[in-house]
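One structure below.
Derivation of every value follows stated rules applied to the coordinates shown; laboratory data play no part. Treat the numbers as computed from the prediction; the structure is a model and nothing was measured.
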Amino acid sequence: MPDILELLLSNPQIQQFLTSLGTTAAKETGEKVGKWIVNSIAVKIRESKLFKEDKVAKAEKELNEVLSKGKKQVLL
Amino acid sequence: MQNFWMDFMTFMFPDREVTIDKLDERLCGYMANRIYTSLGFEQLLLDAGYKPERIRYMTSFQGQQSRTPHYFDLAATFEQEYFDNLLLARVVDYTVSSPQDFVNSLPSVVRDINGDPIARPALLRDHDIIAIISPNTMATGRLTRLRQTIRTVQVSNDVTLPRLLLFTNEELTNLLKCEDVKERGEKVVEKFREVRPYRGGE
């Protein structure tokens, strides 16, 4: 059964939202907002103590990469 | 840029201008809390053996009379033997809105979503489920009043209103902390039995 982290990383609506924040016209603001959201979700997951730190850190990194991918799309 | 999360934030904070550059750290934390709670609830559904045909997050149903959107954190469609079932989940954060007000508004929200019964079949029916999820710990008195409100609203509108099921923060947290997946699934099924016969495993 998928856990919260797997659901989070495979959720197309969250991926799309983070990508769109990276590609927004005010991309620095969008990226800042995206990082706040990713950081807040990571804090919630850490607080739950349901997962080992390395797994949470890996998921956080992947979400930040989705955000950066959106930013790169704008720069290209 | 507009998308469903921004539309939802606009809906939740009608007195504020909600654009990307107006989002602060606190609002992002609020959004993250709701995303986390929805995903936790989805995990429990899957643990319990519910196999949704389709899951949507932060989805809205347009009111047929008001023409305004009614937002839910999660909408899952399950195909049953004789009829399809819809499970809606709404995270009610009392720091932003009153859970009791939300529950009291549900009969009119459902009427608005369903519209004229002669013109079209009802979208939300009495065998569907609306899960009301509190992401915060509630004081005992407040929780008792909320449970009472749910009972009163359910009984007064039983023929037309979907089954209302409350998940407190403690229930959700304890279920997620249960390490044995089978046991966790059974506990979730038991919780769903509070409102209707369980059909997920049939």
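Numerical summary
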quantity: Cα gyration tensor category, rounded, prolate or oblate, for segment B:72-202 with a/c compared to 1.5; calculated: oblate
quantity: Whole-angstrom Cα spans of chain A along principal axes, big to small; calculated: 37, 21, 17
quantity: ³J(HN,Hα) computed for each position of segment A:28-41 - Karplus, 6.51 cos²θ - 1.76 cosθ + 1.60, integer Hz, glycine/proline x; calculated: 5, 5, x, 5, 4, 4, x, 5, 4, 5, 4, 4, 5, 5
quantity: Antiparallel bridges, percent of DSSP beta bridges restricted to the protein assembly as shown (to nearest 5); calculated: 60
quantity: D_trans [Stokes-Einstein, Kirkwood Rh over alpha-carbon pairs] for the protein assembly as shown, 25 °C, 0.890 mPa s, µm² s⁻¹; calculated: 124
quantity: Under the Debye formula (equal points on every Cα, no solvent term), log10 I(q)/I(0) of segment B:56-140 at q = 0.24 Å⁻¹; calculated: -1.32
quantity: Helix runs (DSSP H) in chain B reaching 15 Å along axis by Cα, Kyte-Doolittle at least 0.0; calculated: B:25-47
